[in-house]
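Take a look at the structure set out below.
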Amino acid sequence: MTAASDSRPILLLVDDEPDILVALEDLFEDDYRVVAARSGREGLQRLTELREVAVILSDQRMPEMTGDAFLAQAREISDAQAILLTGYADLSSVTSALNRGGIVGYAAKPWEPDGLRAMVATAAEQHRLKRALHQERALLRGLMAHLPAAVAVKDADGRFVRINERKAETLGLPPEASLGRTEPELGGRGRPDAEQMAVNERRTVEVLDERQTETGPQWLETSVVPVPDADGEIGHLVVLERDVTDEKLAEMHLRQSDKLRALGTLAGGVAHDFNNLLTAIIGSLELAARRLGDERAVRRYLDNATLAAQKGAGLTQRLLGFSRQTESRGAEVTDLGALLLETRDLVERTLGASVRTLWDVAPGLWPAAIEPDQFELALLNLTVNARDAMPDGGDILVTAENLSLEEPPAGLDLAPGDYVRVSVRDSGEGMSPEVLARVLEPFFTTKPVGKGTGLGLPMAYGFAQRSGGALEICSELGQGADIRIYLPRAAVKPGESAVPAAAEGAASPARGDRRVLVVDDEAAVRSVTAGFLRDCGYDVVEADSAATALDLIARDEPVDLALVDFAMPGLNGVEFARQARPLRPNLPIILLTGYFDVEVPNDVALVHKPFSNATLQAAIAEAWAASAPADA
């Protein structure tokens, strides 16, 4: 098949490693015309030679020019869809590629072939649709009289020659009354600058205007098409005005969805690895604390380390929640006054000495049904943003008060009722209207590269929405900013605690005649889990893979319960459970995982990493109760 007759999409591969290029060519050569380049500069040369490239698949770490820098330049000369391929979990490079290079996907090395093929196929289809849409728009300009838009034909002096009903409605006159008159004479705004540009440059000019209305922003697209006379001079202009608000909002939502999808891929892997480390840290500290006797000072340090690790575990849960890989774990009726008091030290330590934080928390704050850790994160994000808005220092005022709203503030989706309002006010640089319009868009940031990812305000907004409240931004350029979170009052019965007790109960006594199989490829995590069990008197057998554990079961080794990691090379925990069930139908199985979106069989229990010994023992007790052994 010759290149001229080959209708397959063109795929440009850019990677400095020849072996990687060969592997990628083998993966895609049946479905695409594959073109390879070993550097970003060579890739740019290929793009100038081949204007029909549909998809670019680029490595991130390359000599001379990184992937995000290459894609930023590629965007200027090609409309190809771009996918970033890298073996490094580098959030800053992904963010840069999203903002500068316009990538539509992110894949990690080593890649999963079917997943990467699907991602490239989707990008190629998006490119095809984009090209088809561009051609369709060019054809539709010749049918303006039938378009659902405001259409007018003007002569060289700007007088209306023809006008449709929709355009006449914007002027408040019948079409006949508008002929022979100019738009300014009839009180219309129009776009005389665009019309003049179309005449001078002899090309179609398109402009997009954003206007604020009582119902929110409105976008109006104006197209000005110059029409030459028989002698070649521009004698008429066709002006088409179309409300594109719905399309613009859909485009904004799609762009945010694409960015969150890329972040979710990165966040899931990072959080899983971090949870494995935290499991080993928390477990080791807990085991060590039991062997210290009365050495109170050392115990205090170990307790502090355990608390810090547990806060780290909370951070990974927040990261997974934002990436939409987990649903909310549920709200708690919370004493906001006490929670703010607990959060104060964390906020002040995080902000440092460059700013002064003032607190005005009204006594007797109403309780609210919220996720406490998400509230802490939202408050921390808002105060960090306030600090960064005051590079020369200043005061940050955190206030909290009860409000009974009969008429909620305009623009906020709130019902009348009782609310607690928590606000963070600074005296910094403030925000322009252009920044305010985009400030809730994930990854949008005005901070220098490496100083922020643009996630703070969107996360706080998401928290307020999930809590049934709202987030309000009051700011003007040069006048600082006041960010307010409204949280609805929660009903609490008299005498009922606003925050349910969360203390862990002591583990139930263990039976020494029971043998537990621990399966985990991470030696440190496996050692901690086994240590917990041995401390409680269990007989423990360890396996470093699902295959080894299945072999033990197949040999009819005595095992009363299996604790199995989910993410392991070869067979994962769910696959182990499915293969073990025919061999040992009544064996209780508990799956241990650092992920929060794992689907497990109905007869398999689930424990999230990191976990404490008490959490583990409670899960074991529930598993044995569910299996109802004969000797129980």
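Quick note: the coordinates plus some simple rules give every number you see, no bench work behind them. For clarity, every value in this text was computed on a predicted model and none was experimentally measured. Backbone-built Cβ (ideal geometry, glycine too); neighbour counts: all protein chains shown.
A few notes on this one:
- Here, P(r) means the percent of Cα pairs in each 10 Å bin from 0 to the largest distance; for the stretch 147-243 it is 16, 48, 30, 5, 1.
- Taking the C-alpha atoms of the stretch 336-488, convex hull volume expressed per residue in Å³: 109 Å³
- When each of the peptides 542-548, 417-423 is scored by how many other beta carbons lie within 10 Å of its residues on average, the order from highest to lowest is 417-423, 542-548.
- Most to least packed among 560-567, 211-218, 614-621, 580-587 [average Cβ atoms within 10 Å]: 560-567, 614-621, 580-587, 211-218
- Simple spin-label estimate for Arg202 and Thr350 gives 6.1 nm between the two label positions (7 Å along the Cα-to-Cβ direction from each Cα).
- Modelled this way, with points 7 Å down the Cα-to-C-beta line, the labels at Ala108 and Asp155 are 6.8 nm from one another.
- Size check on the stretch 10-139: the Cα extents along the three principal axes, sorted descending, read 45, 30, 26 Å.
- Counting 0.36 nm for each residue step from His236 to Asp392 and taking away their Cα separation leaves a gain of 50.5 nm.
- Segment Ser432..Asp539, full-extension length gain: 32.0 nm, with 0.36 nm per residue of separation and the alpha-carbon distance subtracted.
- Under 5 Å between amide hydrogens, built in the peptide plane, is the criterion, and for Gly394 it picks out Arg356 among residues at least 5 positions away or on other chains.
- 37 °C / 0.692 mPa s Stokes-Einstein diffusion coefficient of the stretch 344-393, Kirkwood radius on C-alpha pairs, µm²/s: 267 µm²/s
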